[in-house]
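Remarks on the structure that follows.
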């Protein structure tokens with residue numbers, strides 16, 4: 001069962017500015033009734049660019065009603081330029097929070113506001129060229145990528161929370177995850193290679209913290225001899241030096257630990273006197 005703030009319940013039970021506006025200066029729509037969520041936002045804007053009134057019509061859940069209601073309160077009295085800066089996070093904050101599964105309701109509010117302002121400014125949006133990723137909720141690849149970038153989305157569930165993508169039949173989930181991974185990979189800054197000194201320091205720490213203690217339990221130990229590029233030369237000590245499975249210890253244990261904590265390209269080589 002989802003928990004809602006008092007503010008959400010207040011705007012759901014007694015929505016502000018609900019209804020149709022006659023002779024609006026701008027109208028913005030988002031979503032669709034067929035997809036289960038739709039919002040139509042009306043704005044009245046004076047000659048100075050100040051929003052003097054706002055109304056909404058919505059088809060959706062209580063969170064959609066509350067998000068739309070509080071959005072109208074937020075924009076009235078603001079200039080168009082000020083209203084442009086309102087984000088879905090601002091709507092969520094004004095409501096005292098929303099369950100993760102209902103965040104998309106606040107996103108709809110932001111999208112309807114953006115559409116209304118574009119309508120007022122005479123900016124026409126053409127979405128005919130966009131590839132549809134989720135047919136259940138008519139979510140385009142462009143919209144999904146925008147949400148991934150804005151909200152640092154890492155999983156399909158997070159994407160569903162923000163734009164309902166993959167929230168019905170789930171057939172598009174693999175493609176959605178692929179797009180998420182691709183966008184995040186492009187956003188990751190390449191890591192600066194470590195110097196040899198830095199590499200030696202890091203390897204020594206990992207060996208001390210994760211390897212030596214385990215080997216000492218069996219009367220052995222390990223010594224770092226040298227590092228050349230991705231090759232790490234080590235020498236097994238004590239009982240480990242004479243163990244017939246020492247090669248497996250280096251490859252299956254030591255090398256895996258170093259790859260996990262430092263670099264997947266590391267190769268451990270046993271140093272021979």
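Which of the helices (runs of 4 or more DSSP H) found entirely inside the stretch 55-155 contain at least 1 residues meeting this: outside the structural domain of residue 182 (by TED's automatic domain parsing) and touching a residue at least 24 places away in the same chain (Cβ under 8 Å)?
Qualifying helices (runs of 4 or more DSSP H): 62-75, 80-84, 88-94, 103-121.
Scan the stretch 163-185 and give yes if some residue there is in contact (Cβ under 8 Å) with a residue 60 or more places away in the chain and surrounded by fewer than 17 Cβ atoms within 10 Å (Cβ to Cβ), otherwise no.
The answer is no, given that none of the residues of the stretch 163-185 is in contact (Cβ under 8 Å) with a residue 60 or more places away in the chain and surrounded by fewer than 17 Cβ atoms within 10 Å (Cβ to Cβ).
Checking the conditions here, which among 265, 218, 229 is surrounded by fewer than 17 Cβ atoms within 10 Å (Cβ to Cβ) and more than 21 Å from residue 194 (Cα to Cα)?
Sole residue among the options that is surrounded by fewer than 17 Cβ atoms within 10 Å (Cβ to Cβ) and more than 21 Å from residue 194 (Cα to Cα): 218.
Name the single residue, out of those in the stretch 202-240 being assigned to a loop (DSSP other than H, G, I, E, B) and in contact with a helix residue (DSSP H, G or I) (Cβ under 8 Å, 6 or more places away or on another chain), that is nearest to residue 273 (Cα to Cα).
219
Please enumerate the residues belonging to the stretch 241-255 that are in a helix (DSSP H, G or I), out of contact with any strand residue (DSSP E or B) (no Cβ under 9 Å at 6 or more places or on another chain) and more than 16 Å from residue 216 (Cα to Cα).
Matches in the stretch 241-255: 248, 252.
Report, by residue number, each residue of the stretch 13-54 that is in a loop (DSSP other than H, G, I, E, B) and in contact with a strand residue (DSSP E or B) (Cβ under 6 Å, 6 or more places away or on another chain).
Passing the criteria: 17, 19, 21, 24, 25, 46, 49.
The values are calculated or read from the model by the stated rules, or taken from the named source; none is laboratory data. If you're wondering where the values come from, they're calculated on a predicted model, not measured in any experiment. Quick reminder, even Gly has a Cβ in these numbers, built from the backbone with ideal geometry, and neighbours come from all protein chains shown.
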